[in-house]
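These notes are about the structure you will find just below.
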Amino acid sequence: MPTGQASGVPNSVIAAVSRYDDAQRTVDYLRSFGMDARSLEVVGAGLRQVSRRRPVPVVKLTALGALQGALLGVLTAVFITLVAETTLTGLAVVVWGFVYGVLVGTLWGLFRGLVRNRPDLVSTEILPTHYEVRCPSDELSVAQTLLADAADVDDGRVERGVIADAPHPPEQHRDAA
């Protein structure tokens, strides 16, 4: 980072939770007590790369292909009966158009499903393992005090063990007078 430029992400972690909804609920709780929404941020942390195969339902693609093929076959057959001279009746042309359309559409959908389910087709995502609620250092003690008094801490939505340590002011000794 260039010298003299502030970080874009507030640097003090107030709380860390496993779900985004819980982090958003914590931010809403802090905002309800007057903390500035622009100073609070939810940041995904502990990023991990996840690779997973997303199976495409071959049967669904095959059925969808058959339906599309049937529609295209019927439309083609209607066009042929209107434009071309045939020895078949109009109904026979429409029926054959439907049959050929279903066959071609089924094969097309089947091959699409098989190609999309090939073993080398893997999607990769980067997902956070937990979410941190952050605020600027000058507002850290206020946020910690609000969260320490919150019922959210005790019902498990905000984990007490991960609340950041506030910078404590130096203790002032009282003189016994």
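The values are calculated or read from the model by the stated rules, or taken from the named source; none is laboratory data. Please read all numbers here as calculations on a predicted model, not as lab measurements. Here the Cβ is made from the backbone with ideal geometry for all residues, glycine too, and neighbour counts use every protein chain on show. Accessible surface is based on the protein model in full, side chains and every heavy atom, while ligands, DNA and RNA are left aside. Shrake-Rupley method; radii C 1.70, N 1.55, O 1.52, S 1.80 Å.
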With contacts defined as alpha carbon pairs under 8 Å and 6 or more residues apart, what's the relative contact order of the stretch 73-118 in percent? 44 percent
For the stretch 91-130, alpha-carbon Rg over 2.2 N^0.38 Å: 2.15
Taking just the alpha carbons, could you work out the radius of gyration and Dmax for the stretch 20-106, both in angstroms? 28.7, 83
Positive-end extreme of charge dipole, the stretch 22-133 - chosen from 32, 57, 93 (charges on Cβ): 57
So residue 115 and residue 43, fully extended at 0.36 nm per residue minus their Cα-Cα distance, gain in nm 22.2 nm
Please report, largest first and rounded to whole Å, the three semi-axes of the ellipsoid equivalent to the stretch 67-143, where each semi-axis is the square root of five times an eigenvalue of the C-alpha gyration tensor. 60, 18, 8
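Sort 137, 12, 123 by accessible area with a 1.4 Å probe, largest first. Intermediate results must be reported in sequence, preceding the final value.
Details: 137 60, 12 10, 123 35 Å².
Most to least solvent-accessible, the answer reads 137, 123, 12.
Determine the relative contact order of the stretch 42-103: mean sequence separation of Cα pairs under 8 Å and six or more apart, normalised by residue count, in whole percent.
Numbers: 46 pairs, mean separation 25.6, N = 62.
The normalised contact order for the stretch 42-103 reaches 41 percent.
Evaluate the relative contact order of the stretch 33-151 (contact order divided by residue number), counting alpha-carbon pairs under 8 angstrom at least 6 apart; express in whole percent. Each step should come with its number before you reach the end.
On the way: 152 pairs, mean separation 55.0, N = 119.
It rounds to 46 percent for the stretch 33-151.
Name the chymotrypsin sites (Phe, Trp or Tyr not before Pro) in the stretch 10-95 that are in a loop by DSSP and that have at most 14 other C-beta atoms within 10 Å, would you?
In loop regions of the stretch 10-95 (DSSP not H, G, I, E or B), the sparsely surrounded chymotrypsin sites (Phe, Trp or Tyr not before Pro) are 33.
Taking Rh as the Kirkwood radius, which is the inverse of the mean 1/r over Cα pairs, what is the Rg/Rh value for the stretch 1-148?
1.43
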